[in-house]
Structure formats: structure tokens, C-alpha cells
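Quick notes on the structure that follows.
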Amino acid sequence: MSNLGSQALIAGAALSAAAALAHLACIVLGAPAYRVMGAGERIARAVEARKLQPALVTLTIAVMLFGWSAYALSGAGVIGALPLTKLALVLISGIYLGRALAFPLLKPMFAGNSDTFWWVSSALCGAMGALHAFGTLAQWHVL
């Protein structure tokens, strides 16, 4: 479990879990947290109006990120094998890297999100995608 691939997956898992916790913090802390995280004024106002949709979307993202963290830990050998771990890690890596690279295309669809949100979240997604991809390839001796 101490090889470079497993270490990359463990780091990716930690970042995914931290991102999940940040999403949960938004739900708990409310509109100010959504604003700080750059989610946009429209979302923050929906939270202030006690709309359920922002919390449900945010919770869904958090659950997904915790799941991705579990798959990275499984791939690293920290926890038991999860179903389709290799395929899941390839897909997770691709989604993170795709999200990082596609932000210029996504940005117009979410006009309320700040430029800081797009640059920071895209950089984080790129780093997490690189860790997951490197770890996956190294664990299965592709590198």
C-alpha cells in the first residue's frame, strides 16, 4: 500500500472527501457559505428563501464525492474492494479532468458563479483528476 500509485489515490481520496465536506458545510452554514464558495447570488438567494433545491443538489454532490473518495481508497488498498473499482476510477479521473478542462464551455451555463469559483474549482478538479488518473494507472502497472 505504500507505492506511489496508492499514495496518489489516497491523496485524491482525501481531496474528494474534503470537497464533500465543503459542500456539506454550505448546507449547514447557509447562504453566506454558498457566496464564499462562489456558487452565485441566485443560489444564495434561493437558500435564503428556504428553497430545497440548492441543498438537495449540494447534498447529491457531497454524496457523490464521498463515493469517489471510497473508490480511491479501494483502489489504493486501504479499504476492501468495491464493485468495478478499475472502471470507476477511470471514469472518476475522466470526469474530474473533463470538468477541469471544460470550464470555458460550462461557465456560460452558470453565469452566476464567480470567476474565482471557476478558476479555483477547475484547478482543484484538475489536480484531483491527475491524482486519480496517475494512481489508477500506477496501481495497475500501466505506468
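The values are calculated or read from the model by the stated rules, or taken from the named source; none is laboratory data. This is a predicted model, so every value here is computed, not measured. For neighbour counting, all protein chains shown are included, and Cβ atoms are generated from backbone atoms with ideal geometry for every residue, glycine included.
Counting just the residues of the range 52-74 that are out of contact with any helix residue (DSSP H, G or I) (no Cβ under 6 Å at 6 or more places or on another chain) and either closer than 10 Å to residue 17 by Cα or of a type in the set (A, V, I, L, M, F, W, C) (or both), which one comes out surrounded by the most Cβ atoms within 10 Å (Cβ to Cβ)?
Once the filter is applied, the top-ranked residue is 70.
Considering only the range 40-55, I want to know if a residue exists there that is among the hydrophobic types (A, V, I, L, M, F, W, C), more than 25 Å from residue 129 (Cβ to Cβ), under 17 Å from the mean Cα position of the chain (by Cα) and assigned to a helix (DSSP H, G or I). So far as the range 40-55 goes, yes, one or more of its residues are among the hydrophobic types (A, V, I, L, M, F, W, C), more than 25 Å from residue 129 (Cβ to Cβ), under 17 Å from the mean Cα position of the chain (by Cα) and assigned to a helix (DSSP H, G or I). Candidates in the range 41-80 are the residues that are touching a Pro at 6+ places or on another chain (Cβ under 8 Å) and among the β-branched types (Val, Ile, Thr); of these, the one that is modelled with the highest pLDDT is 47. The criterion of being over 14 Å from the mean Cα position of the chain (by Cα) and either more than 25 Å from residue 27 (Cβ to Cβ) or surrounded by 13 or more Cβ atoms within 10 Å (Cβ to Cβ) (or both) holds for residue 112. Filtering the range 89-122 to residues that are at pLDDT 95 or above and within 20 Å of residue 35 (Cβ to Cβ) leaves only 122.
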